Amino acid sequence: LIYVRPTIENVEMICREVREANYSEYHIFFSNILPESFLSLLAKADVDKLIRQVHEYPLDYVPINQDLFTINIGGSIGMSQCWGTSRERGVQTIMERELQGLLSMFLSFKKPIQTVISSSEPACQYIASEVLRRSLDDDIYVFRSSRPSTLMILDRSADPVTPLLSQWTYQAMVHELLGMNNNRVVLKGAPGIKKELEEVVLASVHDPFYDSNKFSNFGELGENIKGLLDEYQKETQQNQNISTIADMQRFMERYPAFRSQSHNVSKHVAIMGELARLVDICNLMDVSAFEQDLACTDAHAEHLRELVEKVRV
C-alpha cells in the first residue's frame, strides 16, 4: 500500500519499486490529481502486472483544526517578497506547491470556485488568477452545488502587528514555544520528562480535552488541567476498590480507556509544565506587557528607552 504526493520523484521511486517486485501486488493512492504522463510511466514500469489499483484521494494538505489547514511548506514569506521581482524564479516551486494544495482542498470539499478575491500583492494576485484559470480549464472542478465557494487570499505581511505579539492560548503557545509539526510536539529537552512523553500528539479529533481547550488562555488552561487531573484521580480511587469478580470484569472493560486517560493526563500536565517553565525563564509576562504597550500606544521614545533597558538587563 503506497500513499504519496503525485510528484515526478515519487512516481520514479514507485516505478523502481515495481520493477524490483519486492511485493506480490501494489495498491497506489495519490493525494492529488495524477497527470496522465505519470500514469503512463507507471504502466510501462508494471511489466509483471503487479499494480492492482491506482486511485486519487485529494488531500494534499495537512489539517490542523476543523477550520484550519496548512500546506506544510516553508518559505511562504520569501515567496511573497520575491514574486514579481528578479528573484521570482527561486520561489516558483513554492508557488506551485501552494497552488496544488489549494486546488486539492477544493476537490476534497467538492465545492465549485465562483470568485477569487486577493490583496494587491503580486504573489496573491498570481495565486488568485491561477486558481481560477486551472479550475475553469478542467471539468474535474465542476460540482453540482448550490453554494459555490469564494476564495480570499491575503498576504500575511499586510498585518505586521499580530505576529509581534506573544500568544497566550494553548494551541498558539505550544506552536510558538515548543513547536508543532504534523500535530506532534517534541518535549525531549524538557527537564525530567519521561521517555514515553518525549514526543506527543496534539490532535483535536483524538483528544477531547485539547479540542475544548486549544483556544483557552493560559490562566484558564491551568484550572482546566487541574480539573482533568482531579477527574483522573477520582477514577483511580474507584479502580482501587475491587473486591468481587464483577468489579474485576468492569475494571478490565474500562482498562483500555483508563490507560488512555492516564497517558492523556500525563501529556497535558507535561506540556503545561514546560510552557510554565519557558514563560518563567523567558520573562514572557513582562515581554507580553511591553508588546501590548508597543502595539497600542504611540510613544516611540519611551518604548525605545524601555527596550534598551530590558536588553541591558
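General observations
- The mean sequence separation of alpha-carbon pairs under 8 Å and at least six residues apart, normalised by the residue count of region 62-158, gives a relative contact order of 29 percent.
- Fluctuation leader among Met13, Met285, Met152 - the chain, Gaussian network, Cα springs under 10 angstrom: Met13
- Considering only Asp211, Asp67, Asp293, the mean-square fluctuation computed in a Gaussian network model of the chain, springs between alpha carbons under 10 angstrom, is largest for Asp67.
- Flagged links, alpha-carbon separation over 31 Å, of Lys110/Lys188; Lys194/Lys214; Lys111/Lys226; Lys110/Lys214: Lys110/Lys188; Lys111/Lys226
- Chain lengthening between Lys188 and Glu223 when straightened (0.36 nm per residue, less Cα-Cα): 10.1 nm
- Translational diffusion of region 62-158, µm² s⁻¹ [Kirkwood Rh, Cα pairs; Stokes-Einstein; 10 °C; 1.306 mPa s]: 112 µm²/s
- Highest-fluctuation residue, Glu274, Glu199, Glu20 considered, GNM on the chain with Cα pairs under 10 Å: Glu20
- One quarter of the convex hull surface built on the alpha carbon atoms of the chain amounts to 25.5 nm², the projected area averaged over directions.
- The chain, relative contact order [Cα under 8 Å, separation at least 6], %: 11 percent
- Loop-resident sites, region 73-102, for GluC sites (Glu not before Pro), counting at most 16 other Cβ within 10 Å (DSSP): none
- Residue range of the chain that is longest and free of trypsin sites (Lys or Arg not before Pro) which are both DSSP loop and sparsely packed (at most 10 other C-beta within 10 Å): 195-313
Where a number appears in this text, it was derived from the coordinates with a stated rule and is not lab data. For clarity, every value in this text was computed on a predicted model and none was experimentally measured. Please note: Cβ atoms are built from the backbone with ideal geometry, for glycine as well, and neighbour counts cover all protein chains shown.
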